[in-house]
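The values are calculated or read from the model by the stated rules, or taken from the named source; none is laboratory data. Computed from a prediction, not measured in an experiment: that's the story for all the values here. Cβ placement follows ideal geometry from the backbone for every residue including glycine, while neighbour counts extend to all protein chains displayed. Accessible surface is based on the protein model in full, side chains and every heavy atom, while ligands, DNA and RNA are left aside. Shrake-Rupley method; radii C 1.70, N 1.55, O 1.52, S 1.80 Å.
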2 protein chains.
Amino acid sequence: MTPEESVVATAVHAWTQNVERADKLFSGLSESQLLKEVAPGRNRLIYLWGHLIAVHDAVLPLMGLGERLHPELDPVFLTEADKTAAVLPSAADLKRYWDEVNGRLLTGFRSFTASSWAEKHTAVSDEDFNTNPLRNRLAVLLSRTNHLSYHLGQAILAPK
Amino acid sequence: MTPEESVVATAVHAWTQNVERADKLFSGLSESQLLKEVAPGRNRLIYLWGHLIAVHDAVLPLMGLGERLHPELDPVFLTEADKTAAVLPSAADLKRYWDEVNGRLLTGFRSFTASSWAEKHTAVSDEDFNTNPLRNRLAVLLSRTNHLSYHLGQAILAPK
């Protein structure tokens with residue numbers, strides 16, 4: 001393994017580790033457990049889970065990995081705050097979306113070489129990328145891994 | 001910038017962004033704000049801050065960047081739970097340690113090439129590293145960046 005193969009494999013590994021940690025935390029919860037808030041008056045676990053799915057889904061086009069699979073989640077889990085939507089997907093549906101989105105992402109991530117990771121993501125113009133070459137695909141991966149950790153730290157606080 | 005220079009610069013940038021975010025969150029708090037719990041019965045902000053300093057300090061020897069600067073923080077913020085220690089450092093002391101440790105780390109991180117990042121960290125044996133080349137310095141950086149995000153997600157929940 002060359003140094004550049006090693007560094008990108010390490011970043012993908014950190015992502016999968018966090019996805020697995022979240023899967024373990026959320027997938028085992030009942031519908032009623034998912035309705036618990038992480039702290040009084042704060043987001044419910046179901047909202048955090050749906051929010052992570054919507055954010056991960058939006059990574060597909062950002063990385064050039066195709067269209068989004070579940071843009072219908074945005075009004076429920078991304079653009080609106082928790083406790084706004086009248087109807088939420090079931091736990092079984094969320095688990096299916098979660099596996100589908102993360103599975104599609106991982107297949108794409110594993111196909112990227114170090115050069116592909118260093119390429120610009122699709123939300124940055126050629127001009128801006130020339131000025132700032134750190135606005136690349138790897139920056140998106142690391143940012144979403146940190147975003148996942150951020151909400152995992154919150155989810156763990158919910159009363160059992 | 002070659003792809004390999006770009007990928008490691010991106011990882012260091014994600015680290016510094018999160019350190020800056022934490023600095024903004026913790027450094028502006030008064031002594032009494034630092035004593036607030038992130039959620040009822042959970043860790044206090046001062047504990048999370050000290051915990052992050054102790055964990056970052058321990059990265060220095062792991063990365064081959066020299067001895068720890070503040071091992072005395074471990075009993076207060078790492079090996080023992082919050083509300084165990086009788087005396088805690090002042091906010092001013094914590095801010096000094098925080099800047100000192102993260103400053104030393106950043107100088108080291110900026111000196112590493114892609115090959116240095118792909119090298120083993122000091123807590124893994126040559127034998128284990130041969131079996132698993134992902135136990136490298138970059139894995140430590142990404143893991144500590146995620147750890148920082150995890151606790152930032154919690155710290156943001158504390159009542160103002």
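Observations
- Whole-percent carbon and sulfur share, accessible surface of the protein assembly as shown, 1.4 Å: 54
- Computed over protein heavy atoms with a 1.4 Å probe, the accessible surface of the range B:45-112 works out to 43 Å² per residue.
- In order along the range B:65-71, phi translates into HN-Hα couplings of 9, x, 6, 5, 8, 9, x Hz, rounded to whole numbers, per the Karplus curve 6.51 cos²θ - 1.76 cosθ + 1.60 with θ = phi - 60° and x for Gly and Pro.
- Stokes-Einstein translational diffusion, chain A - Kirkwood Rh over all Cα pairs, 0.692 mPa s, 37 °C, in µm²/s: 198
- For a label point 7 Å along the Cα-to-beta-carbon line of A:ARG110, residues of the range B:122-158 with backbone N under 19 Å: B:132-135
- Whole-Å semi-axes of the protein assembly as shown's equivalent ellipsoid (Cα gyration tensor): 30, 29, 17
- The range A:10-160 - charge dipole about Cα centre, Lys and Arg +1 at Cβ, Asp and Glu -1, debye rounded to 20: 520
- Selection among B:GLY108, A:HIS151, A:VAL101 by position relative to the dipole of the protein assembly as shown gives A:HIS151 as farthest towards the positive end (Cβ unit charges, Cα centre).
- Our coupling estimate for the range A:8-18, obtained by passing each phi through the Karplus curve with A = 6.51, B = -1.76, C = 1.60 and θ = phi - 60°, is 6, 5, 5, 5, 5, 5, 4, 4, 5, 4, 6 Hz, Gly and Pro reported as x.
- Reach of A:LYS95 by Cα under 30 Å, taken over lysines that are not fewer than 8 positions away in the same chain: A:LYS24, A:LYS36, A:LYS83, A:LYS160
- When the GluC sites (Glu not before Pro) in the range B:7-113 are filtered for DSSP coil states and for at most 13 other beta-carbon atoms within 10 Å of their beta-carbon, the remaining sites are B:GLU67, B:GLU80.
- Computed 3J(HN,Hα) for the range B:95-110, one whole-Hz value per residue from the Karplus formula 6.51 cos²θ - 1.76 cosθ + 1.60 where θ = phi - 60°, is 4, 5, 4, 4, 5, 5, 5, 5, x, 4, 4, 5, 4, x, 4, 5, glycine and proline marked x.
- Distances between every pair of Cα atoms in the range B:70-160, grouped in 5 Å steps from 0 to the bin holding the largest one, split as 2, 10, 13, 19, 20, 14, 11, 6, 3, 0 percent.
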